[in-house]
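Here's the structure we're looking at; comments come further down.
The values are calculated or read from the model by the stated rules, or taken from the named source; none is laboratory data. The model shown is predicted, which means the values in this text are computed figures rather than measured ones. Cβ sites come from the backbone with ideal geometry, for glycine too, and all protein chains shown count toward neighbours. Keep in mind that these areas ignore ligands, DNA and RNA; they rest on the heavy atoms of the full protein, side chains included. Shrake-Rupley method; radii C 1.70, N 1.55, O 1.52, S 1.80 Å.
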Amino acid sequence: TDGPGDRAIDSLEQRGLESACIQRLPEFTTGRAVATQIGGEVSYRLPTDMAYDYIGPPSLERFQDVGFSCLYHGSLACRGEVSRQTLFDLIDAIDAPRYVDVNIRQPHFDLAWLPKLLVGADWVKMSGEELEFLSGIQVDSDSSLVQAVEQLRSKFGHATYLTTFGDQGTAAVVGSGVTRLPAEPVTEFKDSIGAGDAFSAAFIAGTLAGLTFNDSLKSACKFAARVCSVAGGTPQDLAVYKGAIE
């Protein structure tokens, strides 16, 4: 950890969030992403050999009495060998619904990780471009969307797929049915940094709060649009988070 890492932990605690399981690795620099926006497109540079590449096994004993509601992880955690093994061990150890966010940001992705990441997952979220890349199928209609999802399901199991298409909205494949939602209007677009994470957070929060699937999906789309109206990926104004699930 370093100055930015300490400040991040302080910020979590000030918001009433648990920080006891955050690992401090004084020999490494706190992870960061360098985002560059050109037009409406954002590209990322992810410096290597950062603290999040060396996440070790957490102690799960303290949670034995309460259990887990959901295991939420992305594919970028697999970049470092140490963190990858920790994540794979957690997938084996935690018996809870699992939400996977696939982020293909080369050179930080390997197709060899997919079986461990996707087999047994309950929800899989990715962009339309990522779905096309992994399935080899051009997605330009509901039928081709289902075909692409079934291509992945045939290899990795029958998850619900949540696919984002930027300003074209979101589509979910539940069973063989497709649910589409248009993109929510953004009052004053700043950037799309953090929109995908906001989508996932609101969907999971809504699901765990007992909302229907469609209502959780609507909340996810609305919260992602709200984050697009704020510069950067972590809004400091707590009002942005109020009413994230409806």
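Here is how the numbers come out for the structure above:
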{"quantity": "Qualifying position, being under 30 Å from His158 (Cα atoms) and not acidic (Asp, Glu), among Tyr44, Tyr54, Tyr99", "calculated": "Tyr99"}
{"quantity": "Condition broken by Phe156, with the remaining ones in (1) modelled with pLDDT of 95 or more; (2) closer than 20 Å to Phe213 by Cα satisfied", "calculated": "(2)"}
{"quantity": "Those residues of the range 71-106 which are surrounded by 20 or more Cβ atoms within 10 Å (Cβ to Cβ) and acidic (Asp, Glu), in sequence order", "calculated": "Asp101"}
{"quantity": "Lone qualifier among Leu217, Leu211 - being in a loop (DSSP other than H, G, I, E, B), buried (at least 17 other Cβ atoms within 10 Å of the Cβ), in contact with a helix residue (DSSP H, G or I) (Cβ under 8 Å, 6 or more places away or on another chain) and at pLDDT 95 or above", "calculated": "Leu211"}
{"quantity": "Enumeration of residues in the range 50-65 that are charged (D, E, K, R) and either surrounded by 16 or more Cβ atoms within 10 Å (Cβ to Cβ) or part of a loop (DSSP other than H, G, I, E, B) (or both)", "calculated": "Asp53, Asp65"}
{"quantity": "Filter result for Phe68 (over 20 Å from the mean Cα position of the chain (by Cα), of a type in the set (A, V, I, L, M, F, W, C) and open to solvent by 30 Å² or more (accessible area, probe 1.4 Å))", "calculated": "no"}
{"quantity": "Given (1) within 29 Å of Lys190 (Cβ to Cβ); (2) in a loop (DSSP other than H, G, I, E, B), index of the condition Val42 fails", "calculated": "(2)"}
{"quantity": "Check on Ile22, of a type outside the set (D, E, K, R), out of contact with any His (no Cβ under 6 Å at 6 or more places or on another chain), closer than 25 Å to Arg105 by Cβ and open to solvent by 90 Å² or more (accessible area, probe 1.4 Å)", "calculated": "no"}
{"quantity": "Any hit, the range 66-86, residues being among the aromatic types (Phe, Trp, Tyr) and at pLDDT below 95", "calculated": "yes"}
{"quantity": "Test for Arg32: is it under 26 Å from Ala159 (Cβ atoms), touching a helix residue (DSSP H, G or I) at 6+ places or on another chain (Cβ under 8 Å) and charged (D, E, K, R)", "calculated": "no"}
{"quantity": "Condition met for Pro47 (at pLDDT 85 or above and open to solvent by less than 70 Å² (accessible area, probe 1.4 Å))", "calculated": "yes"}
{"quantity": "Subset of the range 71-103 that is under 14 Å from the mean Cα position of the chain (by Cα) and either among the polar types (S, T, N, Q) or assigned to a loop (DSSP other than H, G, I, E, B) (or both) - its residue that is nearest to Glu27 (Cα to Cα)", "calculated": "Ser75"}
